[in-house]
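The values are calculated or read from the model by the stated rules, or taken from the named source; none is laboratory data. The structure displayed is predicted, hence computed values, not measured ones. Every residue, glycine as well, gets a Cβ built from its backbone with ideal geometry; the counts of neighbours run over all protein chains shown. These accessible areas exclude ligands, DNA and RNA; they are computed on the full protein's heavy atoms, side chains included. Shrake-Rupley method; radii C 1.70, N 1.55, O 1.52, S 1.80 Å.
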Amino acid sequence: MTETSTRRRTRSGGGAARRAERSAVSFETAKYIERNIPNFEVLTEEALEIIETNAETILEEIGVNFVNNPAALQRWRDAGADVKGERVHIPRGLARELCKTAPASFTQHARNPDRNVEIGGKNLVLAPVYGPPFVHDVKGGRRYATMEDFRNFVKLGYMSKWLHHSGGTVCEPTDVAVNKRHLDMLHAHMTLSDKPFMGSVTEPSRAQDSVDMCSILFGKDFVQDNTVLTSLININSPMTFDDVMMGALEVYAQNNQACIISPFIVGGAMAPVSVAGTLTQVMAEVLAGIAYSQLIRKGAPVIMGAFVTSIDMNSGAPTFGTPEASHITYGAGQLARRLNLPFRSSGSFCGSKLPDAQAAYETANSLNMGLLSGVNFMLHACGWLEGGLVASFEKFVMDADQLGALHKFAAGVAIDENAQAMDAIREVGPGGHYLGCAHTQANFKSAFWRSDLFDYKPFETWAEEGSRDTMALASARVEKLLSEYQPPAMDPTVNEALAVYVAEKKAAMPDSLG
């Protein structure tokens, strides 16, 4: 951030603002991950070229649908595509050429500049679960989400050290009208946290509300010159771009805000059952979507997304943490890097109904897959349960704790003089032990990553304390974090202006289910 832009964002709230700054409690947040390890690649050069060639064939011969969007069809005609009805046939090479104006990386600004994130390159930004209509905790069980649940998730995200991003629809608050809930959700992200966040995509006017509220929070000029929102635009696979998602994309691209352009694929239902076939369809869809964003505004920031899972061919239920999903994610990462674009995929995926052993296995597979595949923006990094239908409070803190292990692993292996530990080996010699040597005493605090949640005590102590399993420990941690929560400092004039905007917008329209 330049010195000029820093000054632009400093609002003068007088004595009240300064008092708020002094009294606020700031919770430590780790910087976004900067990988010092290689990406894992499963596709050969020949395989990549075949997939890319076949994707271009799909775009040219089969085409993609842009439905209920005459303006989009006209933009494609003007760009040189062959439009037949709502089917757009994109000449070989055109989409890839258009994608070249999208930036390889970009900064998403937070209202606290110390929490800005750089999306792209070797970086990995972690954001929480997105979209579940249900929530679950030990005390209340599975239930429809409320706005109070949403606010509590935002607070937990703010207080989670290893989360870099506040996310978007962390759960879907069903006690607020559909046409108004985005206002309350955005207001919660803006006031209860100072990490970066996502905008609304459920209707183009709600995307515009997101931009307008950010103009209050950051300043209108700052928003036009910088990226303050990263929002999720799903493609209706196979190969259909609906007017609602494209309308939201158009708003964000016009205003220089970032979009994750992501197919939503359950392999065997919305794409072929084969890994290569699915990757080919993913490639075709993201090429068309990203190219369209650049027709709206050259240089608009985008992230190439790939949300792909397999299917249980007996029940039809999605499955997670599978080898096939890993192959697709690793391959999609390679394709994204060849396009020189940031990559979004992976998360704390699982199909389990509870934060149990199934959830742990599937989540571990999915998180590690994301780290090693070169993901730059990981949505759903914590809290996901039951195939994305449920946001779990206990699993949120379990997953958020485990994200620390990703940070440690991504740092790679140090080989400096201290890491070589030759002085320790000389000091201890044959037959000794390292517990008391100088090197251990100097490094023991940071030598090993340690969970803040798991129980490492002896059996007797664990039994005396109630024999608590991980679910019980997580439940206690949720209560502790929420009881200790204090909001980050905020200029009172900005806070008031946001509250007025939300109140006036909600009062100006009747409740609606759409």
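Taking 0.36 nm per residue of separation and subtracting the Cα-Cα distance, full extension of the segment from N236 to Q420 would add 61.0 nm.
Taking Lys and Arg as +1 and Asp and Glu as -1, the other residues whose beta-carbon sits under 11 Å from that of A253 total +1. Answer with a single label: of [x] 23.7, 80; [y] 24.7, 103; [z] 22.3, 75, which was calculated as Rg and Dmax of the Cα atoms in Å from the structure in view? Checking each listed value against the structure points to [x]. In a fully extended conformation the segment linking Y434 and R142 would gain 100.2 nm over its present Cα-Cα distance, using 0.36 nm per residue. Cross-link pairs exceeding 20 Å between alpha carbons, from the set K180/K505; K353/K395; K155/K445; K180/K220; K161/K457; K100/K298: K155/K445; K180/K220; K161/K457. Most simply put, the stretch 194-307 has about 10% antiparallel DSSP beta bridges, counting only bridges with both residues inside it. With a 1.4 Å probe and all protein chains left in place, how much of the accessible area of the stretch 59-161 comes from carbon and sulfur atoms, in whole percent? Solvent-exposed carbon and sulfur of the stretch 59-161 make up 48 percent of the total. Model label sites at S446 and Q254, defined 7 Å from Cα along the beta-carbon direction, differ in position by 4.9 nm.
A 1.4 Å probe run over the stretch 427-514, with the rest of the protein chains in place, finds 69 Å² accessible per residue. For the chain, the antiparallel share of DSSP beta bridges with both residues in that region comes to about 45%.
Over the stretch 373-473, what is the relative contact order in whole percent, taking alpha-carbon pairs under 8 Å and six or more residues apart? Contact order relative to length: 19 percent. Residues within the reach of a label modelled at F40 (point 7 angstrom out along Cα to beta-carbon, backbone nitrogen below 11 Å), restricted to the stretch 356-386, are 365-374. Screening the chain for whole DSSP H helices of 20 Å or more along their axis (Cα) with average Kyte-Doolittle hydropathy at least -1.0 returns 204-218, 275-296, 323-339, 357-372, 393-410, 470-484, 492-507. Applying 1/(1 + (r/R0)^6) with r as the Cβ-Cβ distance of T53 and D356 and R0 = 56 angstrom yields a FRET efficiency of 0.80.
Surface composition of the stretch 466-514: carbon plus sulfur atoms contribute 57% of the solvent-accessible area (1.4 Å probe, protein chains only, all chains present). For the chain, relative contact order (Cα pairs under 8 Å, six or more residues apart, normalised by length) works out to 20 percent.
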